[in-house]
Amino acid sequence: MVRIGILASGNGSNAQRLVEHFTGHPHAEVVLIGSDRPQAHVVQRAWDMGVPLYLFNGALLRTGAVLRELQGQQVDLLVLAGFLRLIPAELVKAFPERIINLHPALLPKFGGRGMFGQHVHQAVLAAGEKESGITIHYVDERYDEGEHIAQFRCPVLPGDTATTLAERIHDLEHAHFPQVVEEIVRRSSAVVG
Ligand code: GAR
């Protein structure tokens, strides 16, 4: 079994899709949802779905407590689903090519510190882009710079606002993210057993 941990800071719709996708799965299970924001809706979602919840703050992330918790829970694959903090180098090193991030734009454009959620969509609209999309990539010590795994595209339509574009991007994420994680699980279950 591949043991999946999810980190999320916000609404948690992608975290929920992942949990649903892997419920009853023969090769993988979501064993933990971690969040750095106790008031985020993802916390309620984890509670409602009965997934073990781990709350932490920035200091616990930086000082290695989160790493120890993930290791203690024998997490094999860490999935960032709307997680907004930088992953410390020590954690990256402990999970080589085993941390995956979902970004709501076509990297390398519109990435980096401060580029999350609505900020990304506002920047895409301000730049007059004709298309946007999502990038699923491995995580390294820098924001949004790890190796790309997959990208999916959608149009930016005349009259779009950050809200309407965000909805289109979310649809794309919900349609593809669990499938891409599934593919990675398939590859790594050969290693994990
Ligand atoms: C998603 O659109 C995800 O791509 C984005 O946060 C949203 C979380 O939505 N991630 C980032 O911006 C990371 N830089 P959700 O909480 O409903 O899953």
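Looking only at the range 110-125, count how many residues are without any contact (Cβ under 8 Å) to a residue 24 or more places away in the chain and either out of contact with any helix residue (DSSP H, G or I) (no Cβ under 8 Å at 6 or more places or on another chain) or more than 13 Å from the ligand (Cβ to nearest atom) (or both). Even if it seems obvious, please write down each step before you answer.
Taking the range 110-125 as the starting set, the residues that turn out to be without any contact (Cβ under 8 Å) to a residue 24 or more places away in the chain are 110, 114, 119-120, 123.
Going one step further and asking which of them are either out of contact with any helix residue (DSSP H, G or I) (no Cβ under 8 Å at 6 or more places or on another chain) or more than 13 Å from the ligand (Cβ to nearest atom) (or both), we end up with 114, 119-120, 123.
Total meeting the criteria: 4.
Specify the residue that is modelled with the lowest pLDDT; the eligible residues are those in the range 143-193 that are part of a helix (DSSP H, G or I) and of a type in the set (D, E, K, R).
We begin by selecting, within the range 143-193, every residue part of a helix (DSSP H, G or I); these are 162-192.
Filter again for of a type in the set (D, E, K, R), leaving 167-168, 171, 173, 182-183, 186-187.
Working: Glu167: 98, Arg168: 98, Asp171: 98, Glu173: 98, Glu182: 97, Glu183: 97, Arg186: 93, Arg187: 89.
Among them, the one singled out is Arg187.
Might you let me know whether the range 56-65 holds any residue that is of a type in the set (A, V, I, L, M) and either closer than 21 Å to Phe177 by Cα or in contact (Cβ under 8 Å) with a residue 60 or more places away in the chain (or both)? Before you say what the answer is, go through the steps one by one.
From the range 56-65, those of a type in the set (A, V, I, L, M) are 59-61, 65; that's our starting set.
Those still in the list that are either closer than 21 Å to Phe177 by Cα or in contact (Cβ under 8 Å) with a residue 60 or more places away in the chain (or both) too: none.
No, the range 56-65 contains no residue that is of a type in the set (A, V, I, L, M) and either closer than 21 Å to Phe177 by Cα or in contact (Cβ under 8 Å) with a residue 60 or more places away in the chain (or both).
Can you go through Gln118, Gln151, Gln73 and tell me which one is out of contact with any Asp or Glu (no Cβ under 9 Å at 6 or more places or on another chain) and either farther than 25 Å from Glu29 by Cα or hydroxyl-bearing (Ser, Thr, Tyr) (or both)? Talk me through it step by step, then tell me what you get.
On the way: Gln151 fails: either farther than 25 Å from Glu29 by Cα or hydroxyl-bearing (Ser, Thr, Tyr) (or both); Gln73 fails: either farther than 25 Å from Glu29 by Cα or hydroxyl-bearing (Ser, Thr, Tyr) (or both).
Unique residue meeting the criteria: Gln118.
Yes or no: the range 42-50 includes at least one residue that is without any contact (Cβ under 8 Å) to a residue 60 or more places away in the chain, of a type in the set (S, T, N, Q) and more than 17 Å from Phe177 (Cα to Cα). Please lay out each step first, then the result.
Initially, the range 42-50 is screened for residues without any contact (Cβ under 8 Å) to a residue 60 or more places away in the chain, giving 42-50.
Within this subset, residues satisfying the condition of being of a type in the set (S, T, N, Q) are 44.
Going one step further and asking which of them are more than 17 Å from Phe177 (Cα to Cα), we end up with 44.
Yes, the range 42-50 contains at least one residue that is without any contact (Cβ under 8 Å) to a residue 60 or more places away in the chain, of a type in the set (S, T, N, Q) and more than 17 Å from Phe177 (Cα to Cα).
Keeping to the range 1-40, report how many residues are charged (D, E, K, R) and either crowded, with 22+ Cβ neighbours inside 10 Å or more than 15 Å from the ligand (Cβ to nearest atom) (or both). Break it down into steps so the answer makes sense when it comes.
As a first pass, look at the range 1-40 and keep what is charged (D, E, K, R): 3, 17, 20, 29, 36-37.
With either crowded, with 22+ Cβ neighbours inside 10 Å or more than 15 Å from the ligand (Cβ to nearest atom) (or both) added as a condition, the list becomes 3, 29.
Number of matching residues: 2.
The values are calculated or read from the model by the stated rules, or taken from the named source; none is laboratory data. In this text, all values refer to a predicted model and were calculated from it rather than measured experimentally. So basically every Cβ, Gly included, is an ideal-geometry build from the backbone, and we count neighbours across all protein chains shown.
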